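Worksheet for the structure shown next.
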Amino acid sequence: MSLKRSAEQSHRRKSDPYRSAISMLTFYINRAGKHLSDTDRSRLEKAKDELRKLFRRESSKSAR
């Protein structure tokens, strides 16, 4: 996934690559706000799940 690669190669990030990548997606979702279609929002949430798999992290849903 290019977002994972981008986060890992960045020299400007302040946190670990996983948090940086999730933050990028969250920022995009929040920035789009109401103008983001349900389809696109769903696709971006699935991208977060894929990042969790790539970085071998637990889903926040299963941590509850």
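Data overview
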{"quantity": "Segment 6-23 residues that are hydrophobic (A, V, I, L, M, F, W, C) and in a helix (DSSP H, G or I), paired with ones that are open to solvent by less than 100 Å² (accessible area, probe 1.4 Å) and at pLDDT below 80 (beta carbon under 7 Å, 6 or more apart)", "calculated": "ALA7/ARG13"}
{"quantity": "Identity of the residue in segment 51-63, at pLDDT below 90 and open to solvent by 50 Å² or more (accessible area, probe 1.4 Å), that ends up nearest to LYS4 (Cα to Cα)", "calculated": "LEU54"}
{"quantity": "Long-range neighbours under 7 Å by Cβ, at least six apart or interchain, first residue in contact (Cβ under 8 Å) with a residue 12 or more places away in the chain within segment 24-49, second among the β-branched types (Val, Ile, Thr) and surrounded by 12 or more Cβ atoms within 10 Å (Cβ to Cβ)", "calculated": "ARG41/ILE29; LEU44/ILE29; LYS48/ILE22"}
{"quantity": "Members of segment 24-50 that are open to solvent by less than 70 Å² (accessible area, probe 1.4 Å), polar (S, T, N, Q) and in a helix (DSSP H, G or I)", "calculated": "THR26, SER42"}
{"quantity": "Residue check, LYS4 at pLDDT below 90 and either at positive phi or surrounded by 13 or more Cβ atoms within 10 Å (Cβ to Cβ) (or both)", "calculated": "yes"}
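The values are calculated or read from the model by the stated rules, or taken from the named source; none is laboratory data. Quantities reported herein were computed from a predicted structural model and do not represent experimental measurements. As a convention, Cβ positions derive from the backbone with ideal geometry for all residues, glycine included, and neighbour counts pool all protein chains shown. Side chains are part of the model used for accessible areas, which takes the heavy atoms of the whole protein and leaves out ligands, DNA and RNA. Shrake-Rupley method; radii C 1.70, N 1.55, O 1.52, S 1.80 Å.
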